[in-house]
Structures are given as C-alpha cells and as structure tokens.
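*Asks:* Please read through the structure below; I'll follow up with questions.
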Amino acid sequence: MVFGRINIYSGKDLDGIRLAAYASAQVLDRVANAVVPGMTTAEIDMLAAEFIKDTGGKSCFLGYHGYPAHICISINNEVVHGIGSPTRIVQPGDLVSLDVGVTVGGYCGDNARTVCAGPFCSELGQRLMDTTKAALDAGIEQAVEGNTINDIGLAIEQVVHHAGFEVVRDMVGHGCGKNMHEPPEVPNYFIRGRSPVLKEGMVLAIEPMVNAGTWRITIDRKDGWTVRTADASLSAHFENQILVTKDKPEILTCLNNPKTTLLLKER
Ligand code: CO
C-alpha cells in the first residue's frame, strides 16, 4: 500500500478535472455504442482516437510507461490493458471491456465499462457485468467524508462475493486529478488495518475488476500488457472517477453531472 499525500481539489482545479472527466465519459460512451461484432480491436482504438480528438484532449494512456494504444480493449478472459490489434475480431456475444482516459487542460479523466458485443449475451456474462456495475455503485456510495478507503473496498467485495464471483486483487483504483495515478490506492477489497480517511475534495477512480472464476491473473509475456484471468474465466471492469463530498459523492465521469453542465454553459 502506497501512502502518499492525497490531493484535495477545489476551485479551478476541480473544474478542470470535471471537464477532463466529462471528455473521458463522452469518449467511452461513444466507443461503447460503436462496438459491434466483426470490428477489429484496432478499428475500435482508431475510432477512440478520433473521439478523443473531438474533445480537444489527448489519451492519458498512449505512451504511459510505453503503452502503445489510445484506450484499453480487453475481451472475455482479458481483464484489462488489452491493446487494439488488426487481427483481433470482435465475435458475437463477446464481453468487451473498454477503458478510456483523456487529459484536457492538464487534468486527467479515467473511466471504464464492459459491454456485450451482441446480438445477445450469455447469462453468465450479463450477470458478471451487472454485478461489477453494482459493486462499483456500492463502492461509490461509501466515498463520503469521514469514511475510509477500506469502506469502499469492503462494499465492493461484499457485492461481488454475494454473487459468487471474485475480485482481482493485484490491481486497484487510484487517486486521479492532475495525474492519472495519484495516491491513494483504492483496493476493491477489504484490507485488515487502517486505511486513509476520506475528505471532501479527494478525487478517486474506483474500478472493480471482477472474474467469474479465480481472482488470480496473468500478464501476457509477449506484449507485456494484456492482463488475463489465470483460469480463462470471464472478466468485467467498470470504473468511475468521483469526487468525495460530505454527503453524496459526485460522479465526474458521467454525461449529466449538474456541476459539469453548469460549467459547460458558462464557457
Ligand atoms: Co483507472
């Protein structure tokens, strides 16, 4: 666990983060709606690059520790960090996890969603996606001042275990504002002992990765990036960037955040 200083955002910085988060949400939504069987994942990445350009921002991921694509596209047993490829064709019923980070004006937005490529989805796949989204929502609900990081992880873990699934342990959520990855780490499970207390102004990317089988993962030895479930089971991933407040967390990566709507009107 990395315990660094946790940024508290307000004013102009917070508005900047709101706009970056909004841009990432727009891109993710557009990409998610565009995914259909028959596309290659390289085509999806190229489309994402266009959508990112439309926002006036840049990909947070491209070049990050040498990451070679604009977004992450991870299919079925791939958990995260999948790289678009011209030879990988989306099949009917595939679970496609899309992770999009956009930087605008020096601030970073980060969000992810798993969609089914259709025309229909397996019952297991649907339940896995629904559970992961519900776990994320339960985690977000805990992101209020006075709670701890552990409250978020516990809430997520409970939803996942109740559904009979497992939550990835080797990768965690994170603070996200001026930089894509800032303290604190936000695990999707409970860790014994103390964890940071949440304060108004903290901006967190909460991102449960949920596997239908074991929580254990492997990393592709050839590309060094693609993370897969160790038992080839299905995986889903949902991520929102949120602002910790005193009462109700503000979801920054959505298309109808009232604070962001106001900001956009002012400009
Ligand atoms: Co993230």
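*Asks:* Name the single residue that is nearest to the chain's Cα centre (by Cα) among those in segment 138-153 being crowded, with 16+ Cβ neighbours inside 10 Å and not hydrophobic (A, V, I, L, M, F, W, C).
*Replies:* So, considering only residues that are crowded, with 16+ Cβ neighbours inside 10 Å and not hydrophobic (A, V, I, L, M, F, W, C), the one nearest to the chain's Cα centre (by Cα) is Gly139.
*Asks:* From the list Val96, Val102, exactly one residue is within 15 Å of the ligand (Cβ to nearest atom) and either part of a strand (DSSP E or B) or under 19 Å from Ile217 (Cβ atoms) (or both). Which is it?
*Replies:* Selected residue: Val102, the only one of Val96, Val102 that is within 15 Å of the ligand (Cβ to nearest atom) and either part of a strand (DSSP E or B) or under 19 Å from Ile217 (Cβ atoms) (or both).
*Asks:* Restricting to segment 204-216, give me the number of residues that are in a strand (DSSP E or B) and either away from the ligand (no atom under 16 Å from the Cβ) or more than 30 Å from Gly63 (Cβ to Cβ) (or both).
*Replies:* Qualifying residue count, segment 204-216: 1.
*Asks:* Filter segment 109-128 down to the residues that are touching a residue at least 24 places away in the same chain (Cβ under 8 Å), more than 16 Å from the ligand (Cβ to nearest atom) and either surrounded by fewer than 24 Cβ atoms within 10 Å (Cβ to Cβ) or in a strand (DSSP E or B) (or both) and list them by number.
*Replies:* Step one: list which residues in segment 109-128 are touching a residue at least 24 places away in the same chain (Cβ under 8 Å), which gives 109-115, 117-122, 124-125, 127-128.
Still in the list and also more than 16 Å from the ligand (Cβ to nearest atom): 115, 117-122, 124-125, 127-128.
Val115, Ala117, Gly118, Pro119, Phe120, Cys121, Ser122, Leu124, Gly125, Arg127, listed by residue number.
*Asks:* On to the next question. Residues in segment 162-179 that are within 11 Å of the ligand (Cβ to nearest atom), touching a residue at least 40 places away in the same chain (Cβ under 8 Å) and in a loop (DSSP other than H, G, I, E, B): how many?
*Replies:* So the answer is 2.
*Asks:* Further, regarding this structure: Does Trp215 satisfy the condition of being closer than 26 Å to Gly84 by Cα and either of a type in the set (S, T, N, Q) or touching a strand residue (DSSP E or B) at 6+ places or on another chain (Cβ under 6 Å) (or both)?
*Replies:* yes
*Asks:* Pick out the one residue from Thr253, Thr260, Thr245 that is of a type in the set (Ser, Thr, Tyr) and closer than 25 Å to Cys116 by Cβ.
*Replies:* Of the residues listed, the single one that is of a type in the set (Ser, Thr, Tyr) and closer than 25 Å to Cys116 by Cβ is Thr253.
*Asks:* Next question, about the same structure. Search segment 180-194 for residues being farther than 25 Å from Asn211 by Cα and surrounded by 15 or more Cβ atoms within 10 Å (Cβ to Cβ), and hand back the single one that is farthest from the ligand (Cβ to nearest atom). Quick ask: steps written out before the conclusion?
*Replies:* Taking segment 180-194 and keeping what is farther than 25 Å from Asn211 by Cα, we get 182-183, 193-194.
Of the ones still in play, those that are also surrounded by 15 or more Cβ atoms within 10 Å (Cβ to Cβ) are 182-183.
Working: Glu182: 11, Pro183: 14 Å.
Per the stated criteria, the residue is Pro183.
*Asks:* Please determine, by comparing only the residues of segment 48-93 that are polar (S, T, N, Q) and more than 16 Å from the ligand (Cβ to nearest atom), which one is farthest from Cys121 (Cα to Cα). It would help to see each step written out before you state the result.
*Replies:* Quick first cut of segment 48-93, residues polar (S, T, N, Q) only: 55, 59, 74, 76-77, 85, 87, 91.
Filter once more, keeping what is more than 16 Å from the ligand (Cβ to nearest atom): 55, 76-77, 85, 87, 91.
Numbers: Thr55: 31, Asn76: 12, Asn77: 15, Ser85: 23, Thr87: 23, Gln91: 11 Å.
The qualifying residue farthest from Cys121 (Cα to Cα) is Thr55.
*Asks:* Just to verify a result, which residue in segment 1-45, among those that are free of Cβ contacts under 8 Å to residues at least 60 places away in the same chain and of a type in the set (Ser, Thr, Tyr), is surrounded by the fewest Cβ atoms within 10 Å (Cβ to Cβ)?
*Replies:* Looking at residues that are free of Cβ contacts under 8 Å to residues at least 60 places away in the same chain and of a type in the set (Ser, Thr, Tyr), I get Thr40.
We did not get these values from a lab; they are worked out from the coordinates using the rules stated. Source: prediction; values computed, not measured. Note: ideal-geometry Cβ built from the backbone for every residue, glycine included; neighbour counts use all protein chains shown.
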